[in-house]
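Bear in mind that the values in this text are calculations on the coordinates, not laboratory data. Keep in mind that what you see is a predicted model, and the values were worked out from it rather than measured. Cβ placement follows ideal geometry from the backbone for every residue including glycine, while neighbour counts extend to all protein chains displayed.
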Amino acid sequence: MAKNAQSKILTIDEQIQKLKEKRNREVAKMERNAGKRLIERFNLENKSLDQIYDFIDTIDELTRDSLKEETTSALTDEQSNQ
């Protein structure tokens, strides 16, 4: 009986490991596809990796500023409605 339970546990552990590996493959695939689309969309094919990273950092900064403005505006609107 104990060996049967241990066998089931090992089988489950193997399934979990396979699922983790599958998840990692899917995440890597998604990252490749998203990166490819970003590079194509912004014509970065002929840029160095450092230039691409700088571009992404710039987008990140602009997005953060924009999100801060939207949040501030939404809070102001909400307060004026009260």
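Structure notes:
- Hull-based mean projected area of segment 1-42, where the convex hull spans the alpha carbons, in square nanometres: 2.2
- Cα-based helix-to-principal-axis angle, 49-81 vs the chain, degrees rounded to 10: 70
- Taking a ≥ b ≥ c as the square roots of the eigenvalues of the alpha carbon gyration tensor, the chain is oblate, as a/c is not under 1.5 and a/b does not beat b/c.
- Cα-based Kirkwood hydrodynamic radius, segment 19-60, one decimal, Å: 11.4
- At most 10 other Cβ within 10 Å, DSSP loop - GluC sites (Glu not before Pro), segment 1-62: GLU45
- Ranked by the mean number of other Cβ atoms within 10 Å per residue, highest first, peptides 51-59, 5-13 order as 51-59, 5-13.
- Helix axis angle, 2-41 relative to the chain longest principal axis, alpha carbon, degrees: 30
- Calculated [222 nm] ellipticity per residue, helices only, for the chain: -32500 deg cm²/dmol; basis is -39500 (n - 2.57) per DSSP H run with n ≥ 4, divided by all residues, nearest 500.
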